[in-house]
Amino acid sequence: MAAMVSPAFWSGKAVFVTGGSSGIGRELAIAAARAGGRVGIIARGADRLDGVAAVIRAAGGTVEAFACDAADAAASGRSVAALEARLGACDVAIACAGIHRTSWPLEATTAREVFDVNVGSTVAFLSAVLPGMLARRRGHLCGVASVAAAVGLPGNAAYCGSKAAIVAFLESLRIDCRPHGVRVTTACPGFVDTPLVTDEERAHGGLMPADEAAARILAAIERGRAEAWFPWHTALAARAARLLPPWLRDRALAAQPPMRDASRR
């Protein structure tokens with residue numbers, strides 16, 4: 001059953017989303033705006049951001065776009081300040097910017113790029129919105145990691161490592177923020193039909209539509225959930241693998257086909 005997004009929760013809230021020009025981030029922005037949120041979207045590509053903004057406005061939603069590299073702390077700070085000036089203080093911040101790069105053979109440049117975007121953008125963006133939330137003693141932070149955070153997958157040391165870093169970062173942040181009225185949710189989707197997926201993977205089927213993934217993430221925020229791992233069967237398999245002896249887990253995971261790069265965006 002698809003998750004339901006409640007206008008009663010989102011109406012009037014200022015919702016900022018990084019990675020809002022495509023994939024899950026795009027669908028998060030559209031769904032939050034449809035539910036009555038005042039949405040701010042951040043991504044590197046101005047043209048695609050403008051396209052998403054046009055879709056939201058055509059449906060009667062409220063949106064502002066800011067093109068920048070969310071992994072740049074100064075740029076993230078400027079984007080948050082600009083969006084808050086137009087939309088009001090941020091109520092919900094969703095860090096969804098991310099890339100995938102195959103990292104075998106391991107190259108320092110590729111691994112650094114993956115960590116800079118996936119981890120760096122999460123840290124920079126949430127660091128920019130958090131002081132205001134702490135001062136107001138309310139707000140909600142969300143970071144989009146992956147089921148791939150649970151286990152190491154062949155050819156994906158950088159990707160899996162970056163997603164595991166996000167999970168641990170947000171867990172610690174959740175403990176720190178709770179006494180100050182700020183909630184933190186970690187979303188860990190499995191295979192979702194986004195531009196990061198190759199045509200070959202798409203042909204195999206079994207992918208969750210991006211709009212369904214977005215709805216599940218928004219529903220988790222509504223309910224104040226600490227973590228949301230989905231779909232349940234993929235999440236269960238990945239987390240159960242951690243219970244196996246390392247030699248057996250390594251053998252089982254080595255037999256899995258590696259995730260491939262869909263593009264070099």
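Worth a mention:
- For the range 135-165, the residues whose amide N sits under 19 Å from a probe point set 7 Å from the Cα of GLU227 along the beta carbon direction are 141-153, 159-165.
- Span-rule helices in the chain, defined as complete DSSP H runs reaching 15 Å or more along the axis (Cα) with Kyte mean at least 1.0: 121-136
- Packing-based ranking, highest mean first, of 231-243, 57-69, 160-172 given that Cβ atoms within 10 Å are counted: 160-172, 57-69, 231-243
- A simple packing score, the average count of other Cβ atoms within 10 Å per residue, orders the peptides 187-195, 23-31 as 23-31, 187-195, with the highest score first.
- For the chain: rounded, prolate or oblate by the Cα gyration tensor [a/c cutoff 1.5]: prolate
- With eigenvalues of the C-alpha gyration tensor scaled by 5 and rooted, the range 31-127, Å: 28, 15, 11
- Sorting the segments 147-153, 254-260, 110-116, 96-102 by their residues' average number of neighbouring beta-carbon atoms within 10 angstrom, most packed first, yields 96-102, 147-153, 110-116, 254-260.
- Residues in the range 220-260 reached by a label modelled at ARG137 [backbone nitrogen below 12 Å; 7 Å Cα→Cβ]: none
Rule-based calculations on the coordinates, nothing more; no lab input. Not measured: the values here are computed from a predicted model. For neighbour counting, all protein chains shown are included, and Cβ atoms are generated from backbone atoms with ideal geometry for every residue, glycine included.
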